[in-house]
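Novice: The structure's right below; bear with me while I get my questions together.
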Amino acid sequence: MAKVNISLDAELVVEVMVLAGVASPQDAIEVVVRDYIARGHRTEARVELTDRKLRDIEVKPREPQG
């Protein structure tokens, strides 16, 4: 697997480590990235489901009033 090296603010990484409950900066950032990707997949699934439901709704013409 290819690796990427990046520089991040140390305070930011420490805060992520505390919130994620991990001891390694590498693990902390991996947790954040994996969560971000999973959230994106969940959002895509919800949007697709909503779009499908909207397409399935039959649009009925309104009855003339008056």
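Novice: Here is a list: Ala23, Ala38. Which entry is exposed (fewer than 10 other Cβ atoms within 10 Å of the Cβ), aliphatic (A, V, I, L, M) and at pLDDT 90 or above?
Specialist: Ala23
Novice: Further, regarding this structure: Within the set of pairs 6+ apart or on separate chains, which have a first residue in segment 7-24 that is farther than 16 Å from Tyr36 by Cβ, a second that is surrounded by 10 or more Cβ atoms within 10 Å (Cβ to Cβ), and C-beta atoms under 6 Å apart?
Specialist: Final answer for the pair search is Met17/Ala28.
Novice: Can I ask one more? Go through Arg42, Arg34, Arg55 for me and flag whichever is over 20 Å from the mean Cα position of the chain (by Cα) and of a type outside the set (Ser, Thr, Tyr). If you could, list the steps in order and put the result at the bottom.
Specialist: Working: Arg42 fails: over 20 Å from the mean Cα position of the chain (by Cα); Arg34 fails: over 20 Å from the mean Cα position of the chain (by Cα).
That would be Arg55, the only listed residue that is over 20 Å from the mean Cα position of the chain (by Cα) and of a type outside the set (Ser, Thr, Tyr).
The values are calculated or read from the model by the stated rules, or taken from the named source; none is laboratory data. Being a predicted model, the structure only gives us computed values, none of them experimental. All Cβ positions, even for glycine, are placed from backbone atoms using ideal geometry, and neighbour counts span all protein chains on display.
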